[in-house]
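So the structure is just underneath, and the comments pick up after that.
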Amino acid sequence: MQHFTQAELREIEDRYQDFLKDIRNKFDKERLAKIDKAFNFANAAHNGMRRKSGEPYIIHPIAVAHIVAKKLGLGSTTIVAALLHDVVEDTEFTDEDIRNMFGDKVADIVKGLTKLTGDFDYKQAHTLKKVITTLSEDVRVILVKIADRLHNMQTLEFMRPHKQVKIAGETLFLYVPLAHRLGLYAIKNELEELSFKYKHPEEYQKIVYMLHNKEAQRNYLVHEFIQPIKDSLKAEHIECTVSHRLKNAYSIWNKMQKKGVSFNEIYDILAIRIIIKEKPEVSEKRQCFDVLSLVTDIYKPRPERIRDWITTPKPNGYESLHVTVMGPGGKWVEVQIRTERMDKVAEHGFAAHYRYKDIRTFESELDPWIDKIKEQLNNPNADAFEFLDDFKRNLYSTEISIFSPKGDEFKMPVKSTVADFAYELHTDLGNHCIGAKVNNKLFPITHRLENGDQVEILTSENQKPKLEWLDFAITVKARSKIKDSFKEENKQHIEKGKEIVEQKLKEIKITNTSNVIKKICSFYNLTNKEQLYSEVGIGVLKLDELLDIIGRKSLSKLVKYWNLSVKKRKKDEPLLLPKEEQQEDISYTLAKCCNPIPGEQVLGFLESDNEVTIHRTDCKEAALLLSSQGDKVVDAQWTNFKKQSYLTRIHLEGTDRIGIVNNVTEVISKEHNINMRAIKMENQEGIFKGDVFLYIHSTEDLRLLIEKLSKIKGIEKVTRIEKLND
Ligand code: MN
C-alpha cells in the first residue's frame, strides 16, 4: 500500500468540497452530518487504495455520490450508500459494520450493490439476472449501480483495450435499456455515447469529426431558426427557455445503420427544446399545445411527426410534445415542448417522483412492471439467456390495455397477440387456444390486439402448442410457456431415441462410446447427442446405415475447413476514390505508415489537387492529419473496381518445434489467393518469432489466413503489423 502525497490528499479534499457545494443547500444539518460521516468512513476505509488510473480510490465513490445527487436528484440515504458502495467489496469492513454505523436502509442498499459485483467474463447472464432480481427489491440499488457504471464509463480510458470493449458492450446490453426503462434519458445518452466511443472508435471519431465540420453552418441555422420563435413567445408573454442540442454521435450512427443512409442524409441532427415555466391557472397540456401552435404558425410541421406524450405519457413516465418542422433552407428540425416539471421527469425519470416524495406515483408506475419481472424470475425453467432476451424486449415495449369480457383490465405490451393474452390469463387457456372473439368478431390466434380491445379466448381440448406460435407470441410469459411445452415433449423423444440408438448399437456389436456417438452426429450434421436422440425418437432418423457410418473414416479437419472457406470467399474489393468528388483523374497511393487493405475502414488525405493518400481510419498519422489539417481529409471507400493485391506483414510468435516453419509455409501455400514474398524467423531459447510478408487481396482473405495460422500447434500469437519495415 502506498501512502498518498500531499497533492493527492488535497485533490481528495477538493473533489469532496466540489460535491458538497452542489448538495449543501438541499439538505438539513442532520443529513449533511450523515453524509460527512459516510465520506470520512469511506475515505479511511479506502485509504492508500488506488484506481487503475493511479488516482486515490475514494475519488470514485465521491464521483458516484455526486452523480446520484446531481443527475439523479436522490436523497441522503442513497447518497450515503453511494459513498459506501465499494467498502464491503474492497476493504475489510463488513455488512455488519455498515449496519451498525449507518442503519439498515443504507446497509441493505450497499449489500444489494455488493451482490452485483461479479466478473462478467463467465456466467454473464447469471450476473445480469442478479442485477434484475435486485432491481425488484429496491430500485435505489439499481440507481446507484447505474451511477457507478456511468463513472466507470467516464474513466474507461484507463482500462486495457479489450476490457474497454467488453465493458462498453455490457453497458449497451444492459445499462442503457435499464436507464431507458427508468426514464433516465440524460444518463442513457451519455452511456450510449461512451459505449459507442469505445466499441466502435473509428466510426465514433468519424461522426464527431463530421459534426464538428458542420458546426458553423449549424450555428447559423440555430440562430436563424430560434429567433422568430423567441420573438413570438415574448410577444405572447410566455416565460420559457429555448435551448438546442445535437443528437449524439451514437444515435446518428444508429440511424445510419438502420436506414442505410450516409451522414449527409440524416436530416434531424438538431433538436430544439422549449421548456415552459408553467402557470398554475391553466393546465400544463394546454400551455404546451399553445406553444406548439405558435411554432407551427411560423414553420410548417410534418404532419406524421407530431408525437403527443402528454395525453399518454410513456410507460417510463416521460411527458413531452414533439414536432418536426421545416426550418430555413428546407432543413427538418425537431422541436420538443414541455413544462419545467415534465423536464425534470424527463431528466431524472422515476427518480424524479422519488425525489418529490411522490412515492405513490413512483410505485404505481413501476410496480406492475416489477411484478412481471418477478414472475419471470420465478419461472424455474427459464434459461438465463432466453430470460434476458425476453426481458430486454419488454424493457423497450410500451403498453396497451386489453379487457376481459367481464371488464377486467390487463396491461400488455404493444403488438401482443391473441396467444399472448390467452397465456396472460392462464397457461391452460394458452395451450388450448384456437382463436378469440375480439370486440365480438372472430379472429385467429395470430391476431394482433389493439389498445382497448375486449377479448374472449376460445379453446379446444384437441389444441396443442405449436412451434410456429413462437413466430408471433411476444410476451415473456407466452413464449416461455410455449417453449416449456416443447421441452417436456422433447424430453420424451430424447429418452425414446436414446433407447433406440443403444439397442441398434448392441445389435451390430459396437460399444457405445462418446466417439461413436460423435461420429454418428457428424455424419448427420448434428451438433450434439441430444439432437441425435431427439431425431431418432421422433422417427426422422432411421439409422439404417449405422455400420457403414461407424466404419467410415472421418474427414480430416483441414479438408472440412477448406470446403467451408472456399464457400465463404468473397470477391476482391479494390479501391476507388474519393467518394465525394469522384473524378477520374485522381490518383491515390496507400500510406506507408498503416498500409490499408481492402475492407478496412479508410480515409483519404488530399496531397494536392489530384493526389490522395489513403490511410486506415485508426492510423496514428491520420489522426494527426485529421486534427491539424482536417480540411484536406476526404471520405474514401473500397469498391469493386479492379483487382489488385497488397503487401502485408504478419507477425508470428510461438514455442519452437521442429517443422513449425514448414507448417506455416504449407498453410500459406494452400491459399491460392495469397502469395508469399518473404519469411523471416528467429529462435531464442525455445521461443520463435517471425514475420511473413504476403500479397493479399482483402481483409476477408487475411482473416481466414490468420485463423488458420493460429490453429497450427505451437503458434501462440498471430497479428498483422501495419508497418512493413521496422
Ligand atoms: Mn464502484
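The values are calculated or read from the model by the stated rules, or taken from the named source; none is laboratory data. All values derive from a computational prediction rather than experimental measurement. Using ideal geometry, Cβ is built from the backbone for each residue, glycine included, and neighbour counts are taken over all protein chains shown. SASA here: full protein model, heavy atoms, side chains in, ligands and nucleic acids out. Shrake-Rupley method; radii C 1.70, N 1.55, O 1.52, S 1.80 Å.
Do we find that LEU172 is touching a residue at least 40 places away in the same chain (Cβ under 8 Å) and either under 29 Å from LEU84 (Cα atoms) or assigned to a helix (DSSP H, G or I) (or both) in this structure?
no
Going residue by residue through the range 498-514, is there one that turns out to be closer than 22 Å to PHE486 by Cα and open to solvent by less than 50 Å² (accessible area, probe 1.4 Å)?
yes
One line per residue, one yes/no per condition, for (1) under 14 Å from ILE276 (Cα atoms); (2) out of contact with any Asp or Glu (no Cβ under 8 Å at 6 or more places or on another chain); (3) not basic (Lys, Arg):
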residue: CYS288; (1), (2), (3): yes, yes, yes
residue: LYS300; (1), (2), (3): no, yes, no
residue: GLU304; (1), (2), (3): no, yes, yes
residue: TRP309; (1), (2), (3): no, no, yes
residue: PRO313; (1), (2), (3): no, no, yes
residue: PRO328; (1), (2), (3): no, no, yes
residue: LYS331; (1), (2), (3): no, yes, no
residue: GLU334; (1), (2), (3): no, no, yes
residue: THR339; (1), (2), (3): yes, no, yes
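Of all residues in the range 702-714 being within 12 Å of ILE650 (Cβ to Cβ) and open to solvent by less than 20 Å² (accessible area, probe 1.4 Å), which is modelled with the lowest pLDDT?
LEU702
Considering only residues of the range 34-70 that are among the basic types (Lys, Arg) and part of a loop (DSSP other than H, G, I, E, B), which is surrounded by the fewest Cβ atoms within 10 Å (Cβ to Cβ)?
Result: LYS52.
Across the range 82-108, what is the total count of residues that are open to solvent by 50 Å² or more (accessible area, probe 1.4 Å), within 16 Å of the ligand (Cβ to nearest atom) and not in a loop (DSSP other than H, G, I, E, B)?
2
Would you mention how many residues in the range 460-488 are of a type in the set (Lys, Arg) and crowded, with 18+ Cβ neighbours inside 10 Å?
4
Give the residue that is farthest from LEU702 (Cα to Cα), with candidates limited to residues of the range 632-664 that are open to solvent by 40 Å² or more (accessible area, probe 1.4 Å), polar (S, T, N, Q) and at pLDDT 70 or above.
THR655
Please count how many residues of the range 703-726 are closer than 22 Å to LYS620 by Cβ and acidic (Asp, Glu).
Of the residues in that region, 2 qualify.
Of the numbered conditions (1) surrounded by fewer than 17 Cβ atoms within 10 Å (Cβ to Cβ); (2) under 24 Å from the mean Cα position of the chain (by Cα); (3) of a type in the set (S, T, N, Q), SER283 satisfies every one except a single condition; which is it?
Just one mismatch for SER283, condition (2).
Can you tell me which residue in the range 109-119 is modelled with the lowest pLDDT, limited to those that are of a type outside the set (S, T, N, Q) and crowded, with 16+ Cβ neighbours inside 10 Å?
LEU116
Every residue, every condition in (1) surrounded by fewer than 19 Cβ atoms within 10 Å (Cβ to Cβ); (2) more than 16 Å from the ligand (Cβ to nearest atom), yes or no:
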{"residue": "MET153", "(1), (2)": "no, no"}
{"residue": "LYS163", "(1), (2)": "yes, no"}
{"residue": "TYR175", "(1), (2)": "no, no"}
{"residue": "GLN227", "(1), (2)": "yes, yes"}
{"residue": "HIS237", "(1), (2)": "yes, yes"}
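Say whether the condition of being among the small types (Gly, Ala, Ser), out of contact with any Ser or Thr (no Cβ under 9 Å at 6 or more places or on another chain), at negative phi and open to solvent by less than 70 Å² (accessible area, probe 1.4 Å) is met by at least one residue in the range 181-201.
The answer is yes, given that some residue of the range 181-201 is among the small types (Gly, Ala, Ser), out of contact with any Ser or Thr (no Cβ under 9 Å at 6 or more places or on another chain), at negative phi and open to solvent by less than 70 Å² (accessible area, probe 1.4 Å).
Considering the range 32-72 alone, what residues qualify as being free of Cβ contacts under 8 Å to residues at least 40 places away in the same chain and within 14 Å of the ligand (Cβ to nearest atom)?
TYR57, PRO61
Let me spell it out: the conditions are (1) assigned to a helix (DSSP H, G or I); (2) modelled with pLDDT under 95; (3) within 15 Å of the ligand (Cβ to nearest atom), and ARG24 meets all of them except one. Which number is the exception?
That leaves (3) as the condition not met.
Tell me, yes or no, whether the range 53-63 has at least one residue that is among the charged types (D, E, K, R) and farther than 22 Å from LYS105 by Cβ.
The answer is yes, given that some residue of the range 53-63 is among the charged types (D, E, K, R) and farther than 22 Å from LYS105 by Cβ.
Which condition number in (1) crowded, with 18+ Cβ neighbours inside 10 Å; (2) touching a Pro at 6+ places or on another chain (Cβ under 7 Å); (3) among the hydrophobic types (A, V, I, L, M, F, W, C) is the one that ILE298 fails?
(1)
So LEU526 ticks every box in (1) open to solvent by 40 Å² or more (accessible area, probe 1.4 Å); (2) not in a helix (DSSP H, G or I) but one. Which box is left unticked?
Tallying (1) open to solvent by 40 Å² or more (accessible area, probe 1.4 Å); (2) not in a helix (DSSP H, G or I), LEU526 fails exactly one: (1).
For the range 282-318, what are the residues that are at pLDDT below 90 and in a helix (DSSP H, G or I)?
PRO303, GLU304, ARG305
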